[in-house]
Amino acid sequence: MSATIHPTAIIEDGAALDPTVSVGPYSIIGAGVRLGADCVVGPHVVLRGPLRAGCRNRFFQFCSIGEISQDLTARADDDTAVEIGDDNTFREYVTVQRGTLKDHGVTTVGDNNLLMNQVHLAHDCRIGNHNVLANGVALAGHVDIEDYAILGGFTLVHQFCRMGSYCFTGGGSVVLRDVPPWVMSEGSPAGPRGINKEGLRRRGFDAEQIREVQSLYKLLYRENRRLSEVREVLQERAAGSPQAARLLRFLEQSKRSVQR
């Protein structure tokens, strides 16, 4: 069985497509692209290698995935790539660019993510699992998003920022600092607005876990403590609270400091 390729599509030598892949009209699949089972490539899509994508990914029309980074130091022959997991959706005009040699060299997208139209992932971004990036979200280089985050439409994220699991941003937010897990943020520049309580409920957090998250939010944002003091309290609570341990790890790994 061979892949279903529209006669107007161009598949370059060196591309490797699973027999169950379908490719629509006028799309271009470059050398070094590897697509897993049941991927669907719509019309007018451009995929450039090195690019590895797992199973059941869908690329809607006019996507550009795997192109060289817009970073001025990037070169077409750099040993950089894009790596994509399973069950992701890339809507119209999504752009995902290769990593750079100044970082780990790979832009990664995990599993079960929805990237709505005109989303841009710059070089060396790392996207986890089960995230939703709404229309027009733009990530600068080296941005990390953990799992189950929701970024509202036209959210802009500064380079090297980290977005914690279950965080939420309002539409049009400009994120200049790290957003901790569970936190809702909004504005330009974006600031904390509470915890993503409804999102936590939908993801199976029980009442006790949500109370613990609220307590940690109060510790970080409402008790007027320095970050060093917050870390000390979290270290004391970490043994008996997975949420405290999680927040402590996030703070310790922060490059740009968190929103305050």
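Listing for the model above:
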read-out	value
Amide proton proximity set for GLU67, modelled H, under 5 Å, gap of 5+	ARG48, VAL96, ARG98
Mean separation of Cα contacts under 8 Å, 6 or more apart, over the residue count of the chain: relative contact order %	8
All lysines inside 18 Å of LYS255 as judged from Cα atoms, apart from same-chain residues fewer than 8 positions distant	LYS102
Global geometry of the stretch 58-114, whether rounded, prolate or oblate, following the gyration tensor of its Cα atoms and the 1.5 cut on a/c	oblate
The chain: angle of helix 207-221 to the longest principal axis, Cα-based, in degrees nearest 10	80
Gyration tensor (alpha-carbon) shape descriptor, the stretch 82-221, a/c threshold 1.5	prolate
Reachable lysines, given that their alpha-carbon falls under 23 Å from the alpha-carbon of LYS197 and they are not under 8 places away in the same chain	LYS218
Per residue solvent-accessible surface (Å²) - the chain, probe of 1.4 Å	46
Acute angle (nearest 10 degrees) that the helix 227-237 long axis makes with the longest principal axis of the chain, alpha-carbon atoms	90
Shape of the chain, Cα gyration tensor, a/c cut at 1.5	prolate
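The values are calculated or read from the model by the stated rules, or taken from the named source; none is laboratory data. Here the structure is a predicted model, which means the values were calculated and not measured. The accessibility values were calculated without ligands, DNA or RNA, using every heavy atom of the protein model including side chains. Shrake-Rupley method; radii C 1.70, N 1.55, O 1.52, S 1.80 Å.
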